[in-house]
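Reviewing the structure listed below.
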Amino acid sequence: MATGFTVVVTVDEGGMKKKAERIQQLFPDKKLIFFGDNDSHKGHTKGQDAAYKGAALTRGFAIIPPKFGD
């Protein structure tokens, strides 16, 4: 179902700083929301860390699923 929101998807956390800054340049009046996966059961939190980093850089929000594997 279409929401009317602009969505940008990145496949991995690499280069999140540059990506987040560029997205903010393209949409300066928009509040950005970063979603990260919860892979803590795999022994790392790369997706979560990238989402939090993007949110901090752009004064946006990070959303992480509460259960691992989601």
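What follows is calculated from the coordinates using simple rules that are stated; it is not laboratory data. This is a predicted model, so every value here is computed, not measured. Here Cβ is always computed from backbone atoms with ideal geometry, including for glycine, and neighbour counts include all displayed protein chains.
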Seminar exercise, completed: With Rh as the Kirkwood radius over Cα pairs, the range 12-66 has Rg/Rh of 1.00
Exercise. Mind checking which aspartates and glutamates have their C-alpha under 15 Å from K46, skipping anything on the same chain fewer than 8 residues away?
Worked result: D12, E13, D37, D70
Exercise. Using a basic spin-label model with each label point 7 Å from the Cα along Cα→Cβ, how many nm lie between R22 and T3?
Worked result: 2.2 nm
For this session: Using Cα positions and a limit of under 18 Å, work out the aspartates and glutamates in reach of K30, with same-chain residues fewer than 8 apart set aside.
Result: E21
